[in-house]
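Student: This is the structure I have questions about; it appears just below.
Since every read-out is calculated from the coordinates, none of them should be taken as a lab result. Computed from a predicted structure; not experimentally measured. Using ideal geometry, Cβ is built from the backbone for each residue, glycine included, and neighbour counts are taken over all protein chains shown.
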Amino acid sequence: MKKISGKTGLSIALLLAAIWFTGCKAPSTVGYYDGKWEKEIAAFDGLNKTETYPENSILFTGSSSIRLWTTLRKEMAPYPVIQRGFGGSNSASVAYYMKRIAYPHKLRAIVIFVANDITGSANDLAPTESLLNFKSMVKTLRVKFKKQPIYLVEITPTQSRWKYWSNIKLTNVLLKDYCSKNRNLYFIETAKSYLNEKGEPNNDLFRDDYLHLNHQGYLIWGKLIKDKLDATLK
């Protein structure tokens with residue numbers, strides 16, 4: 001899939017205007033996708049044949065922070081969960097595979113976290129492109145899951161990608177605004193919990209790569225997400 005180029009240095013005002021514009025068009029997936037995650041998705045297909053999940057499960061899907069969350073089930077209890085994170089994935093790949101990931105299940109809710117759209121690579125997406133991809137995810141999910149809540153977890157500020165934070169932050173602004181205007185879509189704010197007193201990433205909450213959460217970081221993440229589930233699912 002060919003990447004649609006776009007400027008990432010847009011102002012918040014222009015980006016918010018873009019929400020209205022893109023909202024007038026049918027959602028489509030944009031971005032870089034080359035099929036490199038097929039092996040991981042095939043593994044999910046295999047799990048669906050061998051594992052049994054409760055019909056009221058909450059699906060957690062997205063990039064490596066979901067995949068590496070070893071204490072997810074414990075921290076979300078008593079909510080039953082299905083863990084479907086695949087490392088390095090961006091919003092284009094999550095949107096591309098969403099039907100295959102979600103449709104085999106009967107779900108109570110879906111939680112999505114994707115943090116690899118802006119990394120400093122040549123394949124980075126503009127904030128408006130990330131928004132289009134999230135709309136595509138929602139469109140796919142709503143075919144089967146008409147009323148189930150969908151939660152988008154805010155992209156976390158990290159030291160390894162701090163130089164790109166201004167554009168990542170703009171992506172969060174767009175996604176939050178979109179969720180706020182649509183029924184049963186929720187944006188889970190987390191960024192402030194990962195900044196220190198200087199307003200910079202708190203490295204004590206991350207692994208040595210300064211990108212992925214450590215145990216303490218996951219405890220904070222888990223509480224923020226579960227508090228949101230408790231407040232909206234009951």
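Student: Select from region 173-193 the residues that are charged (D, E, K, R), over 13 Å from the mean Cα position of the chain (by Cα), in a helix (DSSP H, G or I) and under 14 Å from L131 (Cα atoms) and list them in ascending order. Steps first, please.
Tutor: Just the residues of region 173-193 that are charged (D, E, K, R), to begin with: 176-177, 181, 183, 189, 192.
Now restrict to residues that are over 13 Å from the mean Cα position of the chain (by Cα): 177, 181, 183, 192.
Still in the list and also in a helix (DSSP H, G or I): 177, 192.
The one that is charged (D, E, K, R), over 13 Å from the mean Cα position of the chain (by Cα), in a helix (DSSP H, G or I) and under 14 Å from L131 (Cα atoms): D177.
Student: Something else: Working only within region 151-175, note down all residues that are over 23 Å from N202 (Cα atoms) and either among the hydroxyl-bearing types (S, T, Y) or surrounded by fewer than 21 Cβ atoms within 10 Å (Cβ to Cβ) (or both).
Tutor: The initial filter retains those residues of region 151-175 that are over 23 Å from N202 (Cα atoms), namely 151, 174-175.
Scanning region 151-175 gives a single hit, Y151.
Student: Taking D204, is it acidic (D, E) and either in a loop (DSSP other than H, G, I, E, B) or more than 19 Å from the chain's Cα centre (by Cα) (or both)?
Tutor: Considered against the rule, which asks whether it is acidic (D, E) and either in a loop (DSSP other than H, G, I, E, B) or more than 19 Å from the chain's Cα centre (by Cα) (or both), D204 comes out as yes.
Student: Can you tell me which residue within region 201-231, out of those that are among the small types (G, A, S) and touching a residue at least 12 places away in the same chain (Cβ under 8 Å), is surrounded by the fewest Cβ atoms within 10 Å (Cβ to Cβ)?
Tutor: Among residues in region 201-231 that are among the small types (G, A, S) and touching a residue at least 12 places away in the same chain (Cβ under 8 Å), the one surrounded by the fewest Cβ atoms within 10 Å (Cβ to Cβ) is G222.
Student: Out of L205, L174, I need the residue that is more than 26 Å from T71 (Cα to Cα) and hydrophobic (A, V, I, L, M, F, W, C). Which one? Full working, then the answer.
Tutor: Working: L205 fails: more than 26 Å from T71 (Cα to Cα).
Selected residue: L174, the only one of L205, L174 that is more than 26 Å from T71 (Cα to Cα) and hydrophobic (A, V, I, L, M, F, W, C).
Student: Has region 115-137 got any residue that is within 14 Å of the chain's Cα centre (by Cα), under 24 Å from A231 (Cα atoms) and not in a helix (DSSP H, G or I)?
Tutor: no
Student: Just give me the residues in region 117-144 being hydroxyl-bearing (S, T, Y) and within 21 Å of W162 (Cα to Cα), in sequence order.
Tutor: T119, S121, T128, S130
Student: Write out, first by first residue and then by second, each pair whose Cβ atoms fall under 6 Å of each other, whose residues are 6+ apart or on separate chains, and whose first residue, in region 46-75, is among the β-branched types (V, I, T) while the second is assigned to a helix (DSSP H, G or I) and surrounded by 11 or more Cβ atoms within 10 Å (Cβ to Cβ).
Tutor: Sorted first by the residue in region 46-75, then by its partner, the pairs are T61/I101.
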